Amino acid sequence: MKHTKSEALYKEAVKYIPGGVNSPVRSFNSVGISPIFAKKAHGSRITDVDDNEYIDYICSWGPLMLGHSNEEISKGIGEMIASGTSFGLATEIEVEMAKLIVDAYPAIDQVRMVNSGTEATMSALRVARGFTKRNKIVKFEGCYHGHSDGLLVKSGSGTITFGVQTSPGVPTDIVKNTLVCKYNDIEDIKRVFEEDGEDIAAIIVETIGGNMGIVPGKQEFIEFLRKICDEYKTVLIFDEVITGFRLSYNSSLEYFGVKPDMVCLGKIIGAGMPVGAYVGKKEIMEVVSPVGPVYQAGTLSGNPLAMYLGKRNLEILRDNPQIYEALNEKADKLEQGIKNNLKKLNLNYTVNRAGSLVCLFFKEGPVENYDDAIESNVEKYNAYFKEMLDRGVLIGPSQFEAMFLSYAHSDEDIEYTITCNYESLRAIHN
Ligand code: PLP
């Protein structure tokens, strides 16, 4: 497989763009090869600038539940563009979109649209702080909530209570209010609340950890978060930027049966457009400007084109529950196929799956938190990534990303992927 044009573009790109990319993971730095540049994509397939075609399991990192360039979603977008791309005024479609989200998430009452998942989590925390008049927040090791200052904290040895920033440029004064707990560890949360509970505004959590590979939250863990938030009058925020409308149409609400106070959304609600949203109970959302004193705004928030595509995506998912069944079946087939391959090859690696999110960890299980995940054999994963790419299967260029399945992935795609998985694993263990 040749990547001549991608390589040439990369050389040019690094002159003008830091690392040649507008988001670090696209650089393929973690797998040590030059990145591929995308040209077009349709259904489950993506084509690079050298005209290599791949079965795509990145799927734009999650927004494309129905696959790439779905005509059902984009039908009519030309007329929308012709009637104006942004108005700076309220529009009808924003009301329709908000209603659609509230109907899918009966635990919440109101929606504020923003432009990314990062904005959604950053704003939700400001609102939770404004509502509770408290400063501290709790996040979990290995959970990613975008790149705002206070959330760029993953912690590490010796920094369990007060967060240490993961990135230079983040002031220590800001992250001192970010308390970091171990994922799936109830005792750790108890400890932090015993020390600081009266000043904790919010717990923010990925109900399925999707940024340390796939690490599902345990049922009792998610239930405990609800319990302790009730006890301390802390706001429980589910960051469902990945899982929202993916686990099911009712997202984590149905999957865990636990009601959060606020939810952060992104990805699927924009169908590939730059969209996020934070949503919550009315009494909390009433602190948001212009009703209340907590300021948050956006020139392009609720952009009509983004609302149009996102709304079509959600309507199709709402009206076709069989999509979720089919997706789960596809993901189950992939999971079982990979597990069979591991058995045949006598490899004791681990497959974690939640709905249509799948992850092969290059380590023995169980993988239940960040510490488990980072023990994976990253060199082996990187070699595996290259083998899969050469066979025309594009997976995340990092051990710590999910495989995103879409409804457009056919049974043949899954079967071919399982075959490539076998061959690639065999190749790197010879
Ligand atoms: N929250 C979660 C769970 C995410 O996975 C991401 C991004 O992948 C974000 C927030 C940030 O979203 P965005 O990249 O749209 O800013």
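Read-outs: derived from the displayed coordinates by stated rules, not from any lab. In this text, all values refer to a predicted model and were calculated from it rather than measured experimentally. In this analysis, Cβ positions are derived from the backbone assuming ideal geometry, glycine residues included, and neighbour counts consider all displayed protein chains.
Could you tell me the center-to-center distance, by alpha carbons, between the range 57-134 and the range 10-35 in angstrom?
Here the two parts' Cα centres lie 29 Å apart.
Which parts of the range 18-43 would a label at Lys5 reach, counting a residue when its backbone N lies under 17 Å from a point 7 Å out along Cα-to-Cβ?
Zone members listed by number: 35-42.
5 Å is the cut-off here: which amide hydrogens, built 1.01 Å from N in the peptide plane, fall below it relative to Lys39, excluding neighbours closer than 5 in sequence?
Answer set, sorted by chain and number: Thr47, Asp48, Val49.
Quick one: Karplus J couplings for the range 354-369, per residue in order, coefficients 6.51, -1.76, 1.60, θ = phi - 60°, nearest Hz, x for Gly and Pro?
With coefficients 6.51, -1.76 and 1.60, one gets 9, x, 8, 10, 10, 8, 9, 8, 7, 6, 5, x, x, 10, 10, 7 Hz.
Students often forget the sequence filter, so: which lysines lie under 18 Å Cα-Cα from Lys176 once same-chain residues fewer than 8 apart are removed?
Straight-line reach from Lys176, under 18 Å: Lys133, Lys136, Lys139, Lys154.
Can you compute the FRET efficiency between Asn430 and Lys190 using 1/(1 + (r/R0)^6), with r the Cβ-Cβ distance and R0 = 60 Å? Round to the nearest 0.05. Could you put the intermediate results ahead of the total?
Details: r = 48 Å, r/R0 = 0.80.
With a Förster radius of 60 Å, E is 0.80.
The chain: longest stretch without exposed chymotrypsin sites (Phe, Trp or Tyr not before Pro) (DSSP loop, at most 11 other Cβ within 10 Å), sites themselves excluded? Write out the running numbers ahead of the final one.
On the way: sites that count: Phe87, Tyr295.
Between exposed loop sites, the widest span is 88-294.
Step through the residues of the range 371-383 one at a time and calculate ³J(HN,Hα) from phi using the Karplus curve (6.51 cos²θ - 1.76 cosθ + 1.60, θ = phi - 60°), rounding each to whole Hz and writing x for Gly and Pro.
The phi angles translate into 4, 4, 4, 6, 7, 4, 7, 5, 4, 5, 4, 4, 5 Hz.
Please state the shape class of the chain: rounded when a/c is under 1.5, otherwise prolate if a/b exceeds b/c and oblate if not, all from the C-alpha gyration tensor.
Working: a/c = 1.57, a/b = 1.21, b/c = 1.30.
It is oblate, given that a/c is not under 1.5 and a/b is not larger than b/c.
Could you calculate the contour length gain from Ile17 to Glu379, that is, 0.36 nm times the residue separation minus the distance between their Cα atoms, to one decimal place in nm?
On the way: separation 362, 0.36 × 362 = 130.32 nm, distance 2.73 nm.
Value of the extension gain: 127.6 nm.
Quick one: net charge around Arg112, please, counting Lys, Arg +1 and Asp, Glu -1 for every other residue with C-beta under 12 Å from its C-beta.
Working: positive: Arg126; negative: Glu94, Asp109, Glu119, Glu286.
Value of the local net charge: -3.
Measuring from centroid to centroid over Cα atoms, what is the spacing of the range 319-353 and the range 370-430 in Å?
Using only Cα atoms to place each centre, the spacing works out to 12 Å.
Among Thr207, Thr419, Thr132, what is the fewest-to-most ranking by other Cβ atoms within 10 Å?
Least crowded to most crowded, the residues run Thr419, Thr132, Thr207.
Using the 10 angstrom Cβ neighbour count as an exposure proxy, how do His429, His68, His147 rank, fewest first? Display every interim value, and only then the final one.
Numbers: His429 12, His68 20, His147 17.
In order of increasing Cβ crowding within 10 Å: His429, His147, His68.
List every residue whose amide H lies under 5 Å from the amide H of Gly209, counting only residues 5 or more places away in sequence or on a different chain, with H placed 1.01 Å from N in the peptide plane.
For Gly209, the qualifying residues are Val215, Gly217.
In the range 264-358, with Lys and Arg counted as +1 and Asp and Glu as -1 at Cβ, which of these residues, Ala297, Leu334, Cys264, has the Cα nearest the positive end of the dipole, that is, farthest along it?
Ranked along the dipole, the leading option is Leu334.
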